[in-house]
Each structure stands twice: as structure tokens, then as C-alpha cells.
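Laboratory data are not the source of any read-out in this text; all were calculated from the coordinates shown. Only a predicted model underlies this, so the values are computations on that prediction, with no experimental measurement involved. Don't worry about glycine lacking a Cβ; one is built from the backbone with ideal geometry, like all the others, and counts go over all protein chains shown.
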Amino acid sequence: MLPSIENIQFEENNERLKVVLPVKKQWIYLLLYSVMLLTWVGMFIFGLVFTFQMAFSGERFAFVFTVMLLGLLYLLFLLGRIVWRQWQFYAANREILFVHDDMLIVRRPVSIFGITTAYDRAHVTPYYYSEKHNSLAFDYGHQHVYFGRDLLPDPARRLIGYLNARYYPHHGEEDE
């Protein structure tokens with residue numbers, strides 16, 4: 001039987017448990033990353049146009065300069081991927097936890113896009129509440145994975161209790 005915890009939705013089928021957690025919008029960060037994303041798009045388009053013009057300019061240094069510009073465009077592309085990921089993180093309106101028998105998926109959807117990370121359940125430790133980050137967490141190898149940052153401590157601890165009782169029944173409080 002699924003618990004009833006405020007602001008948390010549960011859905012279950014034969015393959016997985018789906019837990020939907022609320023996310024509060026952080027409008028300042030969303031605005032900041034939106035401006036950065038729009039600036040990046042403008043810079044990338046201008047860079048592509050300038051590189052194309054330089055490549056077909058007929059100057060004797062055009063080949064070397066075009067190669068240098070392509071290198072800079074690649075670095076700009078990598079920077080844009082970081083900005084795009086952060087923008088998706090702050091634009092999401094919910095966080096979804098999918099618990100399969102062999103996999104744990106944490107997703108922050110934005111329409112059909114969004115951040116999705118998958119973890120092998122064999123290497124996931126029991127869930128705990130991080131006082132330092134005020135969020136739910138688990139360890140994946142040596143990596144700390146935080147989710148559910150906008151839950152209040154009481155519902156978060158109730159969710160942790162339910163998930164640990166269901167998926168880690170032999171884990172006790174004295175094991176920590």
C-alpha cells in the first residue's frame with residue numbers, strides 16, 4: 001500500500017514505483033540562466049555566420065583562422081550545454097523518482113526535455129536526509145546524489161522511511 005504524504009504523489013505498476021516531488025521555482029536563477037541561454041544562442045549563431053564568411057573569404061589565412069574559429073565554437077558549444085542543463089534544472093516544475101528493480105532514475109522534466117540521470121540500484125545506498133543540504137539523498141559509489149530539495153523535513157523523512165522500509169528492509173538506524 002502506498003503512503004499518503006503531503007505534496008508527494010505515488011504511482012505504481014508491475015515494473016516500477018513512480019514518486020513525484022514538488023519543486024519551487026527559483027525565479028532569479030531561472031531568469032539569469034534564461035538570459036545566459038539567449039546570449040549563448042546569439043553568440044553561437046554569430047560565430048557560425050562569421051566562421052562561414054571567413055572560410056569562403058578567399059584570404060590566404062582563411063583556412064588557419066577558420067580552424068581556430070571552429071575550435072572556439074566547440075568550446076562555446078560545451079559552455080552552452082552546461083548553461084542549457086542548468087536552465088532545465090531551474091525551469092522544471094517537478095522532480096520524478098522512478099524506482100525499478102535494477103535501476104533508479106531521477107528526472108526533472110521540462111516538456112519533452114529535461115534532466116534525466118539513471119543509477120544502477122546495486123550501487124545505490126539507502127536513502128537519508130542531508131541536514132547540510134536540506135534534501136533527500138543517497139550515495140552512488142562515492143558520489144552524493146541530492147533530490148527533493150523543496151520538501152519540508154517531516155514529509156521528507158516520512159518518504160525516506162517508506163522507501164528504505166520497502167527497498168532496504170534490513171537497513172537499520174544503527175547501521176549509519
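What does the extension gain come out to for Ala55 and Ala122, with contour length at 0.36 nm per residue minus their alpha carbon separation?
So the extension gain works out to 19.0 nm.
Give me the extension gain from Phe63 to Asp139: residue separation times 0.36 nm, minus the current Cα-Cα distance, reported in nm with one decimal.
22.5 nm
Where the only charges are on Cβ atoms (+1 Lys, Arg; -1 Asp, Glu), what is the dipole of the chain about its Cα centre, to the nearest 20 debye? Please list the in-between numbers first.
Details: 16 positive and 17 negative charges, 169 e Å.
Approximately 800 debye in magnitude.
For the range 6-80, run through the trypsin sites (Lys or Arg not before Pro) and keep only the ones in DSSP coil with at most 13 other Cβ atoms within 10 Å of their Cβ. Write out the running numbers ahead of the final one.
Details: sites: Arg16, Lys18, Lys24, Lys25, Arg60; in loops: Lys24, Lys25, Arg60.
Within the range 6-80, the qualifying trypsin sites (Lys or Arg not before Pro) (loop, at most 13 other Cβ atoms within 10 Å) are Lys24, Lys25, Arg60.
Using DSSP to call loops (not H, G, I, E or B), can you name the trypsin sites (Lys or Arg not before Pro) in the range 73-149 whose Cβ has at most 12 other Cβ atoms within 10 angstrom?
Working: sites: Arg81, Arg85, Arg94, Arg107, Arg121, Lys132, Arg149; in loops: Lys132, Arg149.
Passing sites in the range 73-149 are Lys132.
Of Phe46, Gly58, Tyr90, which is farthest along the charge dipole of the chain in the positive direction, counting Lys and Arg as +1 and Asp and Glu as -1 at C-beta?
Of the candidates, Gly58 comes out farthest on the positive side.
How many nm is it between the label spots at Ile112 and Arg16, if each spot is 7 Å from the Cα in line with the beta carbon?
1.8
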